[in-house]
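A short worksheet on the structure shown next.
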Amino acid sequence: AIGGSMGSMLALEWAATYPDYVTELVLIAGCGRHTDWAIGIGEAQRFSIMADQKFNGGDYDLNDPPKAGLATSRMMAMLSYRAPASVDERFSRSVMTAGMKKPASHSDLGTISTANVEQSTSLPYFAVESYLQYQGRKFTRRFDPNCYVQLTYTLDSHDVARGRGEYEEVLRRLPHRTLVVGITSDVLYPFRLQREMVQHMPNAEMYPIDSPHGHDAFLIEIQGLNQAIVRFRAGEKQAETGGSHQGVDQDVDEDEEDSRRICGPAPTYGAVDEAFIAAVRAVIPADKNMEPRVLSSAEERAPYAGDMGHHHHALPDLVVLPLNTEETAAVVRLCHGRRIPLVTRGAGTGLEGGCIAYSGGVVLDTSLMKTMELVPGEQLAVVGAGVLKNELNKFL
């Protein structure tokens, strides 16, 4: 079982619940139990949502949700995913270009920062402010506030020892061969929490990522991490000096040889050319009453470059927004037939709302898939990937 962040907590829980089913573990940037520090961050995020007057105790209007609170919560989260040095290095107190003033209001979020517009626009508009506002605003388009609140509660409930005994003793009873990955600059789940697991789990070893980028370093320093996992899966012992931000490219040739031996040769992919785009348009019909659903221009594809800011931007070749499973299947068949990489993103694809960034290929945005149907005679509902939790609750 392998997972990063919340995924590592799930992997650890699976090993504790089904010790004979799980054989090995790779626990990346997680912990054995949620700390008071992390619980406090989660509570601040929850409270920002609940303090939004539109939240209404969770019974809010689906057409007018508490966007300002959710955006604020996401802004807090984005900072906790990084480290001070990483943010400072990226933005360097830079201000937005001439003509871009600090906004006195955010109409799309329903907030007014100040009634004194002149005072607001006279203040410096730092790039980091614009970045966080953009990330918060983007998150409100794809995530449900109640769902976000419940996910933070789920994280806070994480404790592998709950109902099993003393924490250290529970870790000692996990016999699985385990690779624990920790990030030296992680402020959300500090490095000591990963060392704690290695100290008590009898067959665990550490792979440290020495990076200034904080919690998200496992998504940024992906090459070195992939090489470490390949070595672990091959049965090799990790050197604890690995994962250095300065040294992740050492012995690349040897690591690539290991990767080829275990994973096989790297695949080759087809091209998203005019003929392929025409074939996609044939199965995704245009509708004059709707926005375009096959996005091919650079401007249309730009919002899909990256996955909520974790990776360096990489523009996909094409973005498709299907309305139903039939259209989805048709696009998948086209991509499969021409060996074109395909990833999904949208309301139903997870907390981060998106795909792993890569160069080229097709992004399938499922946010328009709003089908909700009850199966006659069965206690079963068929739900599209773009349906939000509150929409489903209302339907049921």
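Read-outs throughout are calculated quantities, based only on the coordinates presented, and are distinct from any laboratory measurement. This structure is a prediction, so every number in the text was calculated from the model and none was measured. Heads up, the Cβs are rebuilt from the backbone with ideal geometry, glycines too, and the neighbour counts pull from every protein chain shown.
In this calculation the C-beta distance from THR325 to ALA275 is compared with R0 = 22 Å, giving a FRET efficiency of 0.30.
DSSP finds beta bridges in the stretch 100-250, and of those with both partners inside it, around 20 percent are antiparallel.
In plain terms, the chain from LEU123 to ALA85 could stretch by 11.2 nm, reckoned as 0.36 nm per residue minus the Cα-Cα distance.
Can you tell me the FRET efficiency between GLN53 and TYR134 if r is taken as the Cβ-Cβ distance and R0 is 22 Å, rounded to the nearest 0.05?
Details: r = 24 Å, r/R0 = 1.07.
According to the calculation, E is roughly 0.40.
If you sort the three axes of the alpha carbon gyration tensor as a ≥ b ≥ c, you get a/c of 1.5 or more for the stretch 1-83 and a/b above b/c, which makes it prolate. Taking 7 Å steps out from each Cα toward its Cβ at MET372 and LEU315 produces label points 3.8 nm apart. Given R0 = 30 Å, the distance between the Cβ atoms of THR111 and LYS394 translates into a calculated FRET efficiency of 0.70.
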